[in-house]
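Just so it is clear, none of the values below were taken in a lab; they were calculated from the coordinates. A quick note: this is a predicted structure, and the numbers were derived from the prediction, not measured. All Cβ positions, glycine included, derive from the backbone under ideal geometry; neighbour counts span all protein chains shown.
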Amino acid sequence: MSSNTFDAVVIGAAIGYELARKGRRTLNIDMLPVAGYGSTSNSCAIIRLYCSTLDGCAMAYDGYYWKNRADYLQAPEGEQLASFNECGNLIMKTSLNDGLRKQLVHLDALDIPYEHWSNEQILARYPFYNVSNFAPAKNLDDPDFGEPTGGELNGAIMFPRGGYISDPQFATRNIQLAAERAGARFRFNSRVKEIPTHNPRKRSRITKVCTPKVGALGERLIHRYAASLAI
Ligand SMILES: Cc1cc2nc3c(=O)[nH]c(=O)nc-3n(C[C@H](O)[C@H](O)[C@H](O)COP(=O)(O)OP(=O)(O)OC[C@H]3O[C@@H](n4cnc5c(N)ncnc54)[C@H](O)[C@@H]3O)c2cc1C
């Protein structure tokens, strides 16, 4: 097989890593200059397992490898990795989020741990917290901004498996390096402009991915490895 043929052309460092460590020859394409520069670089870095859908919760739980990240990435001794602080997530129960009732159904189905905390428990752990109700949200220039609106929270849900990471973009760069160690290749500054299929209405096999001529990766090169492409 030539060095320009691939089993899969993907956008996404983590997908590239998972495929590469299963022995697939992968090419990661990204229109930005480095890994993790998309929405990921703007993320608030919160790691959480509660989502609005069962599939979302399952994916988050399945990918919860943060504590053993060096092992997961097979990082060499001394490689600097984004750090993870597993401080848990504390979500207040309000009438607006209905106490996360819908999300908890998914967590129960997947056996994801969580605890109900009373207002007293919140204050015992976080004495600085104000458990008064402030809803609805107001603009800063509203004269009633920051004024309690009556009543208190209904407690909170504590998710012990959760926390935050030091730098989402750097965490993605860690994954890129792991993927490259597993044999994946990366091309940055390359925008996918078309993924043509023979018959768009049928589920045709995709045989090529087209990018404009940007940097080293042009449509001509894509055509050369299109023959063995399967994504
Ligand atoms: C303000 C904000 C805060 C957030 N906070 C959190 C948080 O705390 N916790 C959390 O879990 N989630 C958070 N999120 C959501 C989270 O950031 C995103 O769900 C996640 O980063 C999406 O990752 P992604 O890899 O799917 O997409 P992205 O990181 O956007 O990556 C998509 C990649 O695809 C590339 N690409 C797109 N089109 C093409 C093309 N045609 N050709 C080549 N390359 C292409 C882009 O260049 C980019 O690199 C937040 C989002 C925002 C906006």
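Cross-link partners for Lys22 among the aspartates and glutamates, with Cα-Cα distance under 19 Å and sequence neighbours closer than 8 places in the same chain left out: Asp7, Asp62, Asp71, Glu180. Checking the cross-link filter: which aspartates and glutamates have an alpha carbon closer than 17 Å to that of Lys138, excluding same-chain neighbours under 8 positions apart? Cα-Cα hits under 17 Å: Glu147.
For Phe159, Phe134, which order do you get if you count the other beta carbons within 10 Å of each Cβ and list the fewest first? Mind showing how you got there, number by number?
Numbers: Phe159 22, Phe134 16.
Sorted ascending by nearby Cβ count, the order is Phe134, Phe159.
Once you list every other residue whose beta carbon is under 14 Å from the beta carbon of Glu86, what net charge do they have if Lys and Arg are +1 and Asp and Glu are -1?
Numbers: positive: Arg48, Lys67, Arg69, Arg161; negative: none.
Summing Lys/Arg as +1 and Asp/Glu as -1 gives +4.
Would you mind ranking Val10, Val131, Val34 so that the residue whose beta carbon has the fewest other beta carbons within 10 Å leads the list?
Values: Val10 24, Val131 18, Val34 14.
Ordered from fewest to most neighbouring Cβ atoms within 10 Å, Val10, Val131, Val34 come out as Val34, Val131, Val10.
Going by a ≥ b ≥ c, the root eigenvalues of the Cα gyration tensor, does the range 1-134 fall in the rounded group (a/c under 1.5), the prolate group (a/b larger than b/c) or the oblate group? Here the range 1-134 falls in the prolate category.
Can you tell me the relative contact order of the range 83-201? Whole percent, Cα pairs under 8 Å, sequence separation 6 or more.
Values: 114 pairs, mean separation 46.8, N = 119.
Answer for the range 83-201 is 39 percent.
Taking amide H positions as modeled 1.01 Å from N, with prolines and chain starts lacking one, the residues under 5 Å from Ile47 and 5 or more places away or on another chain are Gly163, Tyr164, Ile165. Give the separation of the Cα centroids, the range 70-125 to the range 138-156, in Å. Cα centroid to Cα centroid, the span is 25 Å.
Computed on the range 1-76, with alpha-carbon pairs under 8 angstrom and 6+ residues apart, the relative contact order is 19 percent.
Say R0 is 30 Å: what FRET efficiency, to the nearest 0.05, do Thr5 and Leu32 get from their beta-carbon distance?
Numbers: r = 25 Å, r/R0 = 0.83.
Plugging the Cβ-Cβ distance into 1/(1 + (r/R0)^6) gives 0.75.
How far apart, in nanometres, would the label points at Ala137 and Cys51 be if each is projected 7 angstrom from Cα along the Cα-to-Cβ direction? My value for the distance between the label points is 2.2 nm.
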